[in-house]
1. Taking 0.36 nm per residue of separation and subtracting the Cα-Cα distance, what length does fully extending residue 82 through residue 119 add?
2. When the chain is modelled as a GNM with alpha-carbon springs shorter than 10 Å, which of 49, 70, 142 fluctuates the most?
3. What nm distance separates the two modelled labels at residue 26 and residue 104, each placed 7 Å from Cα along Cα→Cβ?
4. GNM on the chain, C-alpha springs below 10 Å: top fluctuator among 39, 106, 124?
5. Of 82, 13, 113, which is the most mobile in a GNM of the chain whose springs link Cα atoms less than 10 angstrom apart?
6. Can you compute the modelled spin-label distance between residue 95 and residue 35, with each label point 7 Å from Cα toward Cβ, in nm?
7. Taking just the C-alpha trace of the chain, give me its Rg and Dmax in Å.
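Any read-out appearing in this document is the output of simple, stated calculations on the displayed coordinates, not a laboratory observation. Please read these numbers as outputs of a predicted model, since none were measured by experiment. Reconstructed Cβ throughout: ideal geometry from the backbone, glycine too, with neighbour counts over all protein chains shown.
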């Protein structure tokens, strides 16, 4: 199945978190949950260069990304997209990613309600963001999908 299949696009539109599976230089697997956007046929995941996900993608560009519609408790299906990834640190890519994630996660009725409900956590979030960028440059992991498939949630291997 291709990534532009209507069923795949529906899951990408409704999912809120992507779980990217990467391999280290010595072949050790890792799975990291990240916010994402789907843009121009590619999956963009936001992180910082020092994270394990970014370091692993630099070592081995082969990745799998898992998606599940979190708000649909009746669904027992997971979308797995396999592809090749690269780490982008360019300003244009960062701005584009930040704008789209703000639209997806913050500038919605649910996002605004959530932000207001957790206002007292804002200083902690700002502190964490400042520490993260002190250790490394923000980046986007850009995944070019090669194959998409649906798995029953007990087949996620």
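1. Result: 9.6 nm gained on full extension.
2. 70
3. It is 3.4 nm.
4. Ranking 39, 106, 124 by mean-square fluctuation puts 124 first.
5. Among 82, 13, 113, the largest GNM mean-square fluctuation belongs to 113.
6. Going by the 7 Å Cα→Cβ label model, 1.9 nm.
7. For the chain, the Cα radius of gyration and maximum Cα-Cα distance read 15.9, 44 Å.
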